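Written out below as C-alpha cells is the structure these notes cover.
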Amino acid sequence: MAKILPALSEIYYRSSHRPWEDSYGMVRMTPHSWYVGDTWLGVVLIETNDGIVMIDSGIHGQMWLIFESLRKLGYDPQKDIKLVLLSHAHPDHCSGMALLQNYAHPVVYMSPFEKDWSWDMSYHTRVPERVDIVQPFTYDYLYDYKTPIEHGGFTFKVLHTPGHTPGTSSIFFEDHDDEGNVYRVGLHGGMGTNTMVDSNFTTGEEAERERKAFRAMMEGLKGMPIDITITNHAGNIKMSERMGEDKTDWRPFVDPAFWDAHIDVILAQLDQIEEETCFR
Ligand SMILES: [Zn+2]
Ligand SMILES: [Zn+2]
C-alpha cells in the first residue's frame, strides 16, 4: 500500500477538518461552472438547464461550503444536484459522497477500474483515519469512456487517463457565454505525481512501467483544443495567480495555451522523480 507524505496528510486534515482556512469560496471558471473549495482542493459545480452537475463530491468537511454555495446561486442542494461525475476515488474527491447521496440522491458515475473502492475502505487506508472520514457509497453507472453523458444541454465526454490512480477520468465539455461564444473546457481528473514515487511501488520495474504509462498518457493529451482548463485542485491551474478581483469573472481563465502548459508542469515533475529514483 502506498505511503503518504506527512505534508499531504496535513493538507488533507486542513481541508476536511478546518475547511474554512484558505477557502476561496466560489470561483467562476467558465460561464456556467464554479470551483468551490480551498487553495488546495475543490469540486466543480456546473449550472445546466436541468439543475447542477458536480465533478466530484469533494472532501467530507467541505460539504457545508458546497451546499452554501449552491444556495447562494439560488439552488436547493437537496433537490437540484442531479448528477455527479467522479474524477477518481481518492478520498479528497469522494469522501463527501456518502453524505451527498443520503441528502441529495444524485445520479453517480465513476470509473469501472475503481468501482470496488466505493465500498471497500481498505483502498483508503493510506490516508490515516484521523485525516478524513470515508464511508462507503454507491454508484449508478460506470464510465464506458465511449458514450458521451448528456445532461441539461451539456455533453460530457469522459476519457480514461490512468496513472495517478487506475481509474482516473478526465472530463471535457463545451460551455457558452451570453454572446453565444463557445468555449471548449477540459478537466484532467488526477495529475498528482505523488503516486508516481518509488515508495508507491513494490519493485523498480513496476515503478518504471507505471511512470512510463503515465508519461505516455500525459503526452497523448497534449494538443487537445481546450480554451479553458478547469480543475479539482486549484494549484493545477494556478488559480490564485490568475483569478481576478471579481471571482465571478471567468475570463481570466480563457487561455488556449494553458492545457499543454499544465501538462508540461507535470511532465517536469515526473522527470525530477525519475532523476531521484532510488531503485536505480
Ligand atoms: Zn488523487
Ligand atoms: Zn486529489
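Here are the numbers for the structure shown:
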| read-out | value |
| --- | --- |
| Residue match in the range 68-87 (condition: among the aromatic types (Phe, Trp, Tyr), free of Cβ contacts under 8 Å to residues at least 60 places away in the same chain and away from ligand 1 (no atom under 16 Å from the Cβ)) | yes |
| From Pro252, Pro256, residue being surrounded by fewer than 20 Cβ atoms within 10 Å (Cβ to Cβ), within 21 Å of the chain's Cα centre (by Cα), without any contact (Cβ under 8 Å) to a residue 24 or more places away in the chain and away from ligand 1 (no atom under 16 Å from the Cβ) | Pro252 |
| The range 88-100 residues that are in contact (Cβ under 8 Å) with a residue 12 or more places away in the chain, paired with ones that are in a helix (DSSP H, G or I) and within 11 Å of ligand 2 (Cβ to nearest atom) (beta carbon under 7 Å, 6 or more apart) | Asp92/Tyr12; Asp92/Ser15 |
| Top-ranked residue of the range 17-37 - restricted to ones that are open to solvent by less than 10 Å² (accessible area, probe 1.4 Å) and modelled with pLDDT of 95 or more, ranked as farthest from ligand 2 (Cβ to nearest atom) | Thr30 |
| Some residue of the range 136-149 being surrounded by fewer than 18 Cβ atoms within 10 Å (Cβ to Cβ), assigned to a strand (DSSP E or B) and in contact with a Ser or Thr (Cβ under 9 Å, 6 or more places away or on another chain) | yes |
| Those residues of the range 69-104 which are over 19 Å from Tyr143 (Cα atoms), open to solvent by 40 Å² or more (accessible area, probe 1.4 Å) and out of contact with any helix residue (DSSP H, G or I) (no Cβ under 8 Å at 6 or more places or on another chain), in sequence order | Lys72, Leu73, Gly74, Tyr75, Asn102 |
| Candidate set: the range 57-87, residues that are within 18 Å of Ser9 (Cα to Cα) and in a loop (DSSP other than H, G, I, E, B); chosen: the one farthest from the chain's Cα centre (by Cα) | Ile59 |
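The values are calculated or read from the model by the stated rules, or taken from the named source; none is laboratory data. From a predicted model like this one, the values you see are computed outputs, not experimental measurements. Methodologically, a virtual Cβ is constructed for each residue, glycine included, from the backbone with ideal geometry; neighbour enumeration extends over all protein chains shown. For the accessible areas, the whole protein counts, side chains as well, though only heavy atoms, and no ligand, DNA or RNA atoms are used. Shrake-Rupley method; radii C 1.70, N 1.55, O 1.52, S 1.80 Å.
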